[in-house]
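Quick note: the coordinates plus some simple rules give every number you see, no bench work behind them. All values derive from a computational prediction rather than experimental measurement. Ideal geometry is used to build each Cβ from the backbone, glycine not excepted, and the neighbour counts take in all protein chains shown.
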């Protein structure tokens, strides 16, 4: 429905602004990419307003494992709880039927939860940050309101869990949501759980000298809120050496893998400048860090070991803290001893990913673990020499 709003100028005079359609769909798409808050997170949840992390535009969606992309999603966002938010933008003048638009979004959702690896989402985000000249770690700290780098890793793990649990949000965006589309959105949102289906209407108002947009969320019916209920607050746990080891002993059935974890834990406690235990509710972690003045926090993470028997190599953290050169050095050193890699070598070398692997796969023999310890110590020595911090 067309309407009019009035903008009050500094001189106290009113400027009449009438609703007008966007000339191009790309205009609205760019607004969303540049100003994610147009998704009106405060309307989606008044008690806990959603804050948005823009991942990328035109995100490809495959329809089979390892296949090429079949579809292209307009925008992908994550909120502060790691819930993937798929956004499709259409002008009200789009001639395609609402059936086609809804079916297209459901195709995206059904395949994304199965065929989107978390490393790909993370790589898309880091690529977007590179294009915008933004430090991805700092952007995540801003979103989450934390300094602890382990909480950032927990955020990505939570996003992965949400995908696996099909806990996603589908959002249709248009300058005007037609009544028929409104009913479909409200119906789907009332039926789907834990997924959420919403529409955001963002009409454009144009005056003599200025423009304005006014977002409004559609789909938050009483029935939908009753179906989904109130989510309990996210719980955290402060891990320490005793609880970490006890949890590991309980969870890791492979005795060799447990011995590896215990050995690496002791190595980190003895040799790292700082060992940091995580706060994840379900899985404990310990991160090996060293001091480096080039990093804003003064610390660089090399690897993280989890109480479920995984190890994560922190290429992305190294790249963000002390640059491409050191990332490539660590990757090269690591590649000489670890041969069961389950990640893309180029992405690792460029610091786009921080891959995880089971301890027994990374270190099939004890000698490989000993070589890994030597690599870590040598890398830290070289990095500190490069920064002239010994």
Please work out the Cα center distance from segment 174-189 to segment 280-311, rounded to the nearest Å.
-> 45 Å
Compute the FRET efficiency between residue 107 and residue 213 as 1/(1 + (r/R0)^6), taking r as their Cβ-Cβ distance and R0 = 35 Å, and round to the nearest 0.05.
-> 0.75
Per-residue ellipticity at 222 nm for the chain, helices alone: DSSP H runs ≥ 4 residues times -39500 (n - 2.57), over residue total, nearest 500 deg cm²/dmol?
-> -13500 deg cm²/dmol
Tensor-based shape of segment 76-216 (alpha-carbon gyration tensor, a/c under 1.5 rounded, otherwise prolate or oblate) = oblate
For the chain, modelled as a Gaussian network with Cα springs under 10 Å, which listed residue fluctuates most, 90, 281, 167?
-> 281
Output the relative contact order of the chain, whole-number percent, from Cα pairs under 8 angstrom with separation of 6+ residues.
-> 12 percent
With a point put 7 Å past each Cα toward its Cβ, work out how far residue 281 is from residue 367 in nm, to one decimal.
-> 4.5 nm
Relative to the first principal axis of the alpha-carbon coordinates of the chain, what is the inclination of helix 98-115, with its axis defined by its Cα atoms, in degrees from 0 to 90 and to the nearest 10?
-> 10 degrees
Can you list the residues of segment 349-390 with backbone N under 16 Å from a point 7 Å past the Cα of residue 263, pointing along Cα to Cβ?
-> 358-377
Which angle from 0 to 90°, rounded to the nearest 10, does the C-alpha axis of helix 255-271 make with the longest principal axis of the chain?
-> 90 degrees
Taking R0 as 30 Å, what's the FRET efficiency between residue 206 and residue 37 from their Cβ-Cβ distance, rounded to 0.05?
-> 0.90
Arrange the following residues from fewest to most other Cβ atoms within 10 Å of their Cβ: 113, 305.
-> 113, 305
Based on other C-beta atoms within 10 Å, arrange 290, 330 from fewest to most.
-> 290, 330
The residues 376, 171, sorted from fewest to most surrounding Cβ atoms within 10 Å, come out as 376, 171
Once both labels are modelled 7 Å past Cα along the beta-carbon direction, what's the residue 142-residue 16 spacing in nm?
-> 4.0 nm
In the calculated pair distance distribution of segment 245-390, what percentage of Cα-Cα distances lie above 19 Å?
-> 49 percent
What percent does the relative contact order of segment 241-387 come to when contacts are Cα pairs within less than 8 Å and at least six residues apart?
-> 20 percent
When the C-alpha atoms of segment 240-324 are aligned to their principal axes, what extent does each axis show, in angstrom, from largest down?
-> 40, 24, 21
